[in-house]
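Laboratory data are not the source of any read-out in this text; all were calculated from the coordinates shown. Keep in mind the model is a prediction, meaning the values are calculated, not measured. Neighbour counts are summed over all protein chains in view; Cβ atoms, including those assigned to glycine, are modelled from backbone coordinates with ideal geometry.
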Amino acid sequence: MSFAPGETSKVITVNVQGDTTFEPNENFTVTLSNATNGATITTATATGTINNDDVAAPTLTIAAASSSRTEGNSGSKAFTFTVTREVITTGSNNVSWAVTGTGTNPANAADFVGGVLPSGVVSFAPGETSKVITVNVQGDTTVEPNENFTVTLSNPTNGATLGTPSTATVTIVDDDGSVPFLVDIRPGAFSSYPGNLTAVGSTLYFIADDDVNGYELWKSDGTVAGTVAVADIRSPGNLTAVGNTLFFAARDLLNGIELWKSNGTAAGTVLVKDIRPGSSDSYPGNLTAVGSTLFFNVGSTELWKSDGTATGTVLVSDNFAGPGALFDNMTAVGNTLFFTAYNNGLQHKLWKSDGTVAGTVAVADIRSPNRLTAVGSTLYFTADDDVNGQELWKSDGTAAGTVLVKDIRPGSFGSIPLFPQMTAVGNTLYFTADNGVNGQELWKSDGTAAGTVLVKDINPGGSGSIPFFPQMTAVGNTLFFTANDGVNGYELWKSDGTAAGTVLVKDINPGGSWSFPENLTAVGSTLYFTAFDGVNGRELWKSDGTAAGTVLVADIIPGASGYGPSSLKVVGNTLFFTANNGVNGQELWALNVGGPTVPTLAIAATNASQTEGNSGSKAFTFTVTRSANTTGSNSVDWAVTSSGTFPANATDFVGGLFPSGTVSFAPGETSKVITVNVQGDTTVEPNENFTVTLSNATNGATITTATAIGTINNDDFIGTSGPDTLAGTSGADAMTGLAGNDTYTVNNAGDLVIEALNQGADTVQASISYTLPDNGENLLITGTGNLNGTGNGLNNQITGNSGNNSLNGAAGVDTLTGGVGTDIFIFQFSQSTSAALDQVTDFAIGTDKIDLLSQAGAAINAPVAFTRATDSTTTNINTIVTNVFTDANGATAGNQALGINSAALVRDNSSSTYLIINDGTAGFQSANDLVINLTGLTGTLPALGTIPVNSFFV
């Protein structure tokens with residue numbers, strides 16, 4: 001506004017917008033400011049009043065009586081909506097309404113009685129404030145998604161206006177095949193009380209009582225026909241999956257409560273090991289899978305592990321003396337087991353184990369560790385250090401890495417409630433805590449003090465929002481939980497980790513009443529849970545994280561009195577649970593969670609704990625199993641990485657690289673084998689571990705078991721500079737004795753004895769057919785089998801066992817002892833000559849035999865002639881041999897020269913006996929013809945003259 005010289009007043013005009021809305025008188029203010037050229041403002045404001053000149057109009061709104069209902073299988077189901085008239089109710093008003101399909105799965109005309117989308121008009125007489133719209137939904141038996149429809153008000157008459165809301169949306173919950181009663185295991189109104197629901201691949205295992213066999217092991221594939229008793233044993237419990245195997249504790253007629261396993265068949269349901277022989281009980285408890293190994297406790301003082309075999313079921317440690325170890329909180333973090341137990345000092349501590357005695361140790365000296373939770377490679381837990389009270393801790397498995405995360409409630413009182421809840425969402429830990437100010441609320445932690453924060457004070461003040469027994473679970477990257485904001489009671493909430501993203505999902509039981517969601521279970525991207533909406537009793541619900549998508553799944557027990565489903569367990573595309581419908585008792589139910597069944601992929605070690613061998617390669621095998629849906633094609637990548645306390649490295653595998661590849665399934669295929677070729681070596685090293693990990697499954701397949709562990713067992717041993725006794729495993733071992741007179745035990749054809757020259761007189765004790773390695777001197781065949789023993793180029797002593805042995809000294813001056821049994825002594829021309837005689841210390845005439853090899857080592861026939869020569873008058877071997885070649889037959893007058901391919905037996909004047917054999921060349925060939933000293937001849941010595949060839953030769 002501007003004043004010219006001499007002007008004393010100006011008019012401000014404010015144009016108010018006219019309307020027909022009934023409303024109170026309204027005020028506004030005009031304010032002066034920023035006077036120029038030294039002017040001052042003495043009265044800066046003036047107030048204007050807009051007086052209402054409109055007559056009050058009726059306001060119409062709509063609300064659904066229930067946000068969701070099942071449709072039924074036939075007839076109609078009434079969905080009701082209430083239209084409310086407010087402000088002015090003295091006159092008459094009409095308002096139109098119409099149904100439209102809405103949402104991701106909109107209802108269509110066929111979903112309503114009459115096959116058309118309903119519509120109509122609601123009429124209010126003077127004084128009426130509410131009217132009910134009834135929409136009749138057509139019942140059917142079609143399996144289909146849940147569908148939504150919206151009722152919209154329009155065209156109000158006689159000046160009425162539409163208020164907020166003027167629309168109401170509800171969900172038609174499909175009840176066709178979605179929640180079938182599975183099987184009445186115990187017929188009639190009595191209950192079978194299914195329990196211990198456990199998923200193994202695509203199969204559900206559980207225990208139930210059919211009133212005939214008592215509580216037994218059952219399984220189900222989600223069909224009535226596929227729900228059957230597995231085996232008739234006694235009181236199975238502690239069902240635990242390790243890969244594709246179910247482990248559990250049970251008893252039978254002969255044994256007490258021991259460890260069992262099952263592959264789902266009666267024949268494959270067997271006792272793993274009778275740990276406490278006879279009818280005594282070992283009471284396996286706290287069964288926990290760590291990779292492909294099962295850990296469990298026996299009694300109160302022993303930690304055990306099992307690979308599913310009796311020999312592989314062994315005591316790990318019993319270093320838990322005291323009045324009961326009270327094993328608890330067994331939790332896998334990677335390939336390490338963490339748990340709590342008492343030790344000899346009677347202090348409840350945090351422990352860890354890698355499955356070995358040395359690797360089973362107390363981690364840290366803190367009090368009352370509890371609620372062990374794995375988040376990635378970090379263990380979180382609650383504990384009391386006697387200073388800060390029960391607070392949040394973490395550990396990497398070392399004493400130095402076991403630390404207090406944050407003292408949330410300063411002082412000795414502690415922030416962790418009596419029944420805390422800890423849940424991992426990705427790499428973030430969510431938990432409940434009370435900082436002494438806000439009460440028990442939702443917190444989160446990234447493992448640092450700064451990153452350990454209150455997510456949101458949901459119920460402002462000190463009352464807290466989290467119930468005494470918290471309910472929370474992760475669905476993807478979202479945490480769902482139960483909380484009370486002080487207004488709506490205990491209802492379903494969700495959080496993305498921020499205060500703004502921590503919100504009430506839906507007030508299921510409206511107002512201050514509670515729906516108290518329980519049994520929160522993730523099924524893909526959907527949450528299933530049980531809740532009480534004030535109308536249907538506690539029933540099965542589901543949520544996609546939105547209010548509209550939080551709906552009743554099924555009203556199993558009609559009416560408000562039901563205390564519905566429990567023990568929710570997802571197996572593939574089926575959600576199993578137990579419920580009592582008021583007719584059949586507590587039985588097993590199943591819900592198809594929608595859509596085509598997704599293929600599932602799981603890996604398990606099949607032959608992956610072996611020795612490596614000493615050379616070449618050893619095939620370690622893993623089986624990838626496809627289940628649930630095998631109709632299409634799927635592939636999945638796999639890769640080997642090092643793992644464990646002693647990780648394998650690239651040089652442990654053929655080619656010097658960590659193996660990787662892709663497994664492809666054609667339609668109908670259910671399993672594939674991954675072969676990992678381990679490189680054999682003679683290096684002495686610890687047992688080494690590696691992990692095969694599945695990733696990148698295609699065509700919608702999901703990976704249910706992503707990892708399996710292989711163990712390369714060391715088979716290489718080394719001695720000292722003194723005399724050593726080296727005994728290998730049952731596999732192929734490499735044994736190095738170094739200096740000294742060493743003794744080796746060999747029991748596998750792949751065993752390798754490594755000796756350098758001139759490192760002592762060494763003996764190999766072999767329970768198999770065996771050839772001495774280079775630089776090995778003596779061979780002793782053990783056992784009772786019919787085995788072979790072969791020497792090397794050294795001077796060997798080879799001794800047989802009580803079986804029928806074949807002994808070959810090879811080159812060198814050898815001593816052969818057959819022992820009891822019918823033995824064959826093998827000699828090769830040129831390897832036992834007059835200059836280097838081999839000797840046989842126990843040749844039994846008529847039973848033991850000589851077998852001949854050519855100078856090239858080929859098998860040849862026995863001699864064509866065999867005689868006994870006249871006894872020699874000398875002990876000089878050269879003279880003896882010369883005389884025999886001159887006259888080989890002592891019974892015939894004159895000289896009978898030793899012919900080609902002929903043999904002669906002769907004694908010297910000291911009663912030593914020699915066997916002399918001419919090869920295929922006439923005359924004595926000192927470098928080739930055989931001369932054998934038979935020092936231990938038994939039986940009747942043949943007379944001079946011709947001897948049957950077969951009495952001495954093969």
If each part is reduced to its alpha-carbon centroid, the stretch 381-451 and the stretch 553-622 end up apart, in Å, by 32
Restricting to the stretch 823-954, what percent of DSSP beta bridges are antiparallel, rounded to 5?
50
Environment charge at residue 382 (Cβ cut-off 9 Å; Lys +1, Arg +1, Asp -1, Glu -1)
-1
Please work out how much length the chain gains when fully extended from residue 847 to residue 729, using 0.36 nm per residue of separation minus the C-alpha to C-alpha distance, in nm with one decimal.
38.9 nm
For the chain, what are Rg and Dmax over the alpha carbons, in angstrom?
44.8, 178
Toward the positive end of the charge dipole of the chain, about the Cα centre and with charges on Cβ (Lys, Arg +1; Asp, Glu -1), which of 636, 828, 709 goes farthest?
636
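Net charge within 13 Å of residue 26 by Cβ-Cβ distance, Lys/Arg positive one each and Asp/Glu negative one each, not counting residue 26 itself? Please list the in-between numbers first.
Numbers: positive: none; negative: 19, 23, 53, 54.
Around residue 26, the surrounding residues sum to -4.
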Once phi is turned into ³J(HN,Hα) by the Karplus curve 6.51 cos²θ - 1.76 cosθ + 1.60 with θ = phi - 60°, what whole-Hz value does each residue of the stretch 749-756 show in order, with x for glycine and proline?
4, x, 4, 10, 9, 10, 9, 8
Above-threshold pairs, the threshold being 22 Å between Cα atoms, out of 352/444; 406/506; 456/494; 406/444; 349/394; 305/349
352/444; 406/506
Over the Cα atoms of the stretch 59-173, what radius of gyration and what Dmax do you get, in Å?
14.8, 48
Tell me, what is the FRET efficiency for residue 265 and residue 767 to the nearest 0.05, using R0 = 41 angstrom and their Cβ-Cβ distance as r?
0.65
Net charge dipole size for the chain [Lys, Arg +1 and Asp, Glu -1 on Cβ; Debye, nearest 20]
1020
Along the Cα-to-C-beta direction of residue 741, a point sits 7 Å from the Cα; which residues of the stretch 815-829 have their amide N less than 17 Å from that point?
815
Subtracting the Cα-Cα distance from 0.36 nm times the residue separation, let me have the gained length for residue 110 to residue 909 in nm, one decimal.
275.6 nm
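In the chain, what % of DSSP beta bridges are antiparallel (nearest 5)?
So the antiparallel bridges amount to about 75 percent of the total.
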May I ask for the angle, rounded to the nearest 10°, between helix 877-886 and the longest principal axis of the chain, with both axes built from Cα atoms and the value confined to 0 to 90°?
70
Along the positive direction of the dipole of the chain (beta-carbon charges: Lys, Arg +1; Asp, Glu -1; about the Cα centre), which of 561, 130, 540 reaches farthest?
130
Lysines within cross-link reach of residue 672: Cα-Cα under 27 Å, excluding same-chain residues under 8 positions apart?
219, 261, 618
Karplus ³J(HN,Hα) for the stretch 381-398 (6.51 cos²θ - 1.76 cosθ + 1.60, θ = phi - 60°; Hz, whole; x = Gly/Pro) runs 6, 9, 7, 10, 8, 6, 10, 9, x, 6, 9, 7, 10, 9, 8, 9, x, 10
Return the calculated 222 nm mean residue ellipticity for the chain, to the nearest 500 deg cm²/dmol, obtained by summing -39500 (n - 2.57) across DSSP H runs with n ≥ 4 and dividing by the residue count.
-500 deg cm²/dmol
So, in Å, what gap is there between the alpha-carbon centers of the stretch 899-913 and the stretch 207-248?
78
Hey, if you put +1 on the Cβ of every Lys and Arg and -1 on every Asp and Glu Cβ in the stretch 22-99, which of 58, 91, 78 ends up farthest toward the positive end of that dipole?
78
When 670, 47, 822 are ordered from fewest to most other Cβ atoms inside 10 Å of their Cβ, what list results?
47, 670, 822
Compute the FRET efficiency between residue 802 and residue 758 as 1/(1 + (r/R0)^6), taking r as their Cβ-Cβ distance and R0 = 45 Å, and round to the nearest 0.05.
0.85
What does the extension gain come out to for residue 935 and residue 92, with contour length at 0.36 nm per residue minus their alpha carbon separation?
290.0 nm
Calculated diffusion of the stretch 823-954, Stokes-Einstein form, Kirkwood radius summed over Cα pairs, 37 °C and 0.692 mPa s, µm²/s:
229
Find out how many positive minus negative residues lie around residue 458, taking Lys and Arg as positive, Asp and Glu as negative, among other residues whose Cβ is under 11 Å from that of residue 458.
-3
